[in-house]
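Have a look at the structure below, then the notes.
The values are calculated or read from the model by the stated rules, or taken from the named source; none is laboratory data. Since the model is a prediction, treat every value here as computed from it, not as a measurement. Every residue, glycine as well, gets a Cβ built from its backbone with ideal geometry; the counts of neighbours run over all protein chains shown. We work out accessible area using only protein heavy atoms, side chains counted, and drop any ligands, DNA or RNA first. Shrake-Rupley method; radii C 1.70, N 1.55, O 1.52, S 1.80 Å.
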Amino acid sequence: MNMSIIKYGAVLLAIACALNVQGEIVSAPVEANARVEEPVPLGADGKPLMKIYGKLSLEECVNLALANSPSAVSAQLARENAHVNLNLAKSQFLPTASAGFDSRYNMGASVHDYGASNVAASANLTLSGLTDLARNVRMQQISVEQAELNFQSVKNDIVRNVRKKYYILLAAQRTVDIRTQSREVYEDQYKRTSEYYRLGLRPKVDVTTAEVNLNNESLRLIKAKNAVKTASASLANTLGVTTAAILQVEEDVSFDQPNLTLEEAVKTAYENRPDVQSSVLDLRLGDLKVSQAKAGYFPTVSLSAGYTKSGDSLYLDSENAHVGVGIEIPLFNAFRTYNSVKQANIALENTRNNSRSLLNNVFLEVQNAYIALDEAAESIPLAELNAQKAKENMELARGRYNEGIGDMIELKDAEVAYTDAQISLLTARYDYGAAVADLKQAMGTY
């Protein structure tokens, strides 16, 4: 029987080698020009990444950043790793099973002594320190919850950054429009002044001044266009993509002021912010670590059970089963348990102190965001009024100049004031949008 097993194993080994060689021969010839399709890039959610084309809305930018941002991917991987650690902790309560086969052939033995073979199958369950195992599972469950909260916190930061970069790009693009219109005005003014000079109605200095104004506004337009490129690159980086093209975004800004008081905003932050909720979990984790340290004072109970079947020549005719209970009573461990408990209590107190500091910082952050939002909301009506008055003043100055009453300096000052008022209004509006994003992020909502 032993000889037949050896022969059977030799045949299997030969077949395996043949298959391996054949696999190498078949897989060897690969065409040099064979087309290999590139895999579709996937985001953190496992779905294909959105392609950037046309005008992007704010919602599309947010979704793209959440799926493609490296920080979001890292948070997602950390969350998956926490679930794996939890499964590993739970696996300590499950039995293990194994099976094996070994055969030995004695070279140079007698005619009737070919060696020996052994087949075995076993199942075992060992639980050492039931309370410690249960406590470890609970700690891993808290780690999973913290990983989920960290993922939400990362998402909040990403959404806020996308919104702010989105508004910056919108403001830069609108500034280009304003500068383009202003340049057209200066160009028209230069042509008019040149014609007035040709007719003898204006001095040469007016023509020179108009030309200088046109050139200066052209320089400002160049800077405004470069600002668009910079803002687009910054937004693309926040989205987690690399592109040399300028992103096109839609005008998607809400100027509705959140209807809530400062106290309500702070309460919302305490209830919703992931970092605040995570600090609560830190306290629970600290309590578990204190209990874990105190467990060194108590006896450790262990349970074990096992079942094994084995035999020669594929016949499992021998079996063995065992059940055991063990108790280990600590007597003296050089004050390690005492110092571990003391260390755990110090860490817990430090966690409480960090939690109080976090609540103070959250209150300050919400308060600053709320004040900034009020300031931005109050600035918009004043900026609108200034833009309206500056436009009226520019039209009056232009009329006076065309009638020969006003001079070039008066007209230039009025035109510069109107352009600055338009940009100030634009800045006030998008500053408000950014302030809303900051307040929502401070409250843990988006």
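Quick check: anything in the stretch 407-421 outside any helix (DSSP H, G or I) and over 42 Å from the mean Cα position of the chain (by Cα)? Within the stretch 407-421, one or more residues are outside any helix (DSSP H, G or I) and over 42 Å from the mean Cα position of the chain (by Cα). Counting residues in the stretch 349-370 that are farther than 30 Å from residue 283 by Cα, hydrophobic (A, V, I, L, M, F, W, C), free of Cβ contacts under 8 Å to residues at least 12 places away in the same chain and open to solvent by 80 Å² or more (accessible area, probe 1.4 Å) gives zero. Determine whether the stretch 271-292 contains at least one residue that is part of a loop (DSSP other than H, G, I, E, B), of a type in the set (A, V, I, L, M, F, W, C), farther than 23 Å from residue 66 by Cα and open to solvent by 70 Å² or more (accessible area, probe 1.4 Å). Taking every residue of the stretch 271-292 in turn, none turns out to be part of a loop (DSSP other than H, G, I, E, B), of a type in the set (A, V, I, L, M, F, W, C), farther than 23 Å from residue 66 by Cα and open to solvent by 70 Å² or more (accessible area, probe 1.4 Å).
Condition check ((1) touching a Leu at 6+ places or on another chain (Cβ under 8 Å); (2) part of a helix (DSSP H, G or I)) across all residues:
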| position | (1), (2) |
| --- | --- |
| 367 | yes, yes |
| 376 | no, yes |
| 397 | yes, yes |
| 401 | yes, yes |
| 427 | no, yes |
| 430 | yes, yes |
| 446 | no, no |
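For the stretch 201-223, filtered to residues that are open to solvent by 60 Å² or more (accessible area, probe 1.4 Å) and not in a helix (DSSP H, G or I), the residue that is nearest to residue 398 (Cα to Cα) is 201. Residues in the stretch 155-162: is at least one open to solvent by 30 Å² or more (accessible area, probe 1.4 Å) and closer than 14 Å to residue 423 by Cβ? Looking through the stretch 155-162, none of the residues is open to solvent by 30 Å² or more (accessible area, probe 1.4 Å) and closer than 14 Å to residue 423 by Cβ. Listed by first and then second residue, the pairs with beta-carbon distance under 6 Å, at least 6 apart or on different chains, first residue in the stretch 176-187 and without any contact (Cβ under 8 Å) to a residue 60 or more places away in the chain, second in a helix (DSSP H, G or I) and open to solvent by 70 Å² or more (accessible area, probe 1.4 Å), are 176/225. Quick check on my filter: what residues within the stretch 293-316 are at pLDDT below 75 and either part of a loop (DSSP other than H, G, I, E, B) or closer than 30 Å to residue 444 by Cα (or both)? Within the stretch 293-316, 312, 313, 314, 315, 316 qualify. The set of residues from the stretch 330-364 being under 14 Å from residue 277 (Cα atoms) and in contact with a helix residue (DSSP H, G or I) (Cβ under 8 Å, 6 or more places away or on another chain) comprises 351, 352, 354, 355, 358, 359, 362. Could you go through the stretch 81-96 and let me know if any residue there is open to solvent by 60 Å² or more (accessible area, probe 1.4 Å), in contact with a strand residue (DSSP E or B) (Cβ under 6 Å, 6 or more places away or on another chain) and modelled with pLDDT under 85. Yes, the stretch 81-96 contains at least one residue that is open to solvent by 60 Å² or more (accessible area, probe 1.4 Å), in contact with a strand residue (DSSP E or B) (Cβ under 6 Å, 6 or more places away or on another chain) and modelled with pLDDT under 85. Between 318, 310, the distinction of being surrounded by fewer than 16 Cβ atoms within 10 Å (Cβ to Cβ), closer than 30 Å to residue 96 by Cα and of a type in the set (Gly, Ala, Ser) belongs to 318 only. Do we find that residue 445 is open to solvent by 20 Å² or more (accessible area, probe 1.4 Å), under 30 Å from residue 292 (Cβ atoms) and touching a residue at least 12 places away in the same chain (Cβ under 8 Å) in this structure? No, not satisfied.
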